[in-house]
Amino acid sequence: KNQVEQSPQSLIILEGKNCTLQCNYTVSPFSNLRWYKQDTGRGPVSLTIMTFSENTKSNGRYTATLDADTKQSSLHITASQLSDSASYICVVSATRGSTLGRLYFGRGTQLTVWP
Amino acid sequence: DSGVTQTPKHLITATGQRVTLRCSPRSGDLSVYWYQQSLDQGLQFLIQYYNGEERAKGNILERFSAQQFPDLHSELNLSSLELGDSALYFCASSVVEGLETQYFGPGTRLLVL
């Protein structure tokens, strides 16, 4: 069964600290993995997109890693800021020809950054 | 501001009714995606259109339908509404499809009473 599991479900850290969010998936065949940031009540914002051949991708203070062999991804946030408080959603796409294919969503990690 | 607009922002209706949600993609984007986000189900992909044609279907109910018009705006029609259809409905767009970044609109919050 194609699934995406994220951990932890929620996380509280102090401003300025680093943190790492995890995403494990069983989606096959794998096409790509995306990390989104979603502020409460707002639409998700894309952080990174990685394909099978990519191990690491950065976007400012956000660095995503992908291990396609173990089907694991992580999102590392460096020097956290109050504005990083949001839900972080991992999305995995299954290959289906040249189209988008099926999308499998994690339930997200709710990150809260305290001053 | 992502450049994707959605109307209305909020919608309150009764069970059994039908509503239409509208999405205008970013200028130049050919692909439109619809998502549903509820508290118990999280974010779910409903359907994708590319240049007027349906390209991928997700967990879209038969009571729901969508279309993309020649001017590339899209509408999501929800009929025979049930309490469980209460959710945030997001539209996203991308230039083409596949590995493109999707830009999400602000969403339409639907409440079915």
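FYI, it's all coordinate maths here, none of it is from the lab. Note that this is a predicted model, so its numbers are computed, not measured. No Cβ is skipped: glycine too gets one built from the backbone with ideal geometry, and neighbour counts run over all protein chains shown.
Can you list, largest first and rounded to whole Å, the semi-axes you get for chain A by taking the square root of 5 times each eigenvalue of its Cα gyration tensor?
Numbers: eigenvalues 122, 38, 30 Å².
Values for chain A, descending: 25, 14, 12 Å.
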Kirkwood-type radius of the stretch B:47-106, with distances r between different C-alpha atoms, in Å: 12.8
Peptide A:82-89 - average C-beta neighbours from other chains (10 Å radius): 1
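State, to one decimal in nm², a quarter of the convex hull surface area for the C-alpha atoms of the stretch B:1-50, i.e. the direction-averaged projected area. List each step's numbers first, then the result.
On the way: hull surface 18.6 nm².
Over every viewing direction, the Cα hull of the stretch B:1-50 projects on average to 4.6 nm².
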Distance histogram in 5 Å bins (all Cα pairs of the protein assembly as shown, percent per bin): 1, 7, 15, 18, 19, 17, 12, 7, 3, 1
Unpaired by the 4.7 Å Cβ criterion, cysteines found in chain A: A:Cys19
Debye-sum result for chain B in log10 I(q)/I(0), which assumes one identical scatterer on each alpha carbon, at q = 0.11, 0.13, 0.21, 0.22 Å⁻¹: -0.30, -0.43, -1.11, -1.22
FRET efficiency, B:Thr15 to A:Lys1 (Cβ-Cβ, R0 22 Å, nearest 0.05): 0.10
Reachable lysines, given that their alpha-carbon falls under 18 Å from the alpha-carbon of A:Lys57 and they are not under 8 places away in the same chain: A:Lys37, A:Lys71
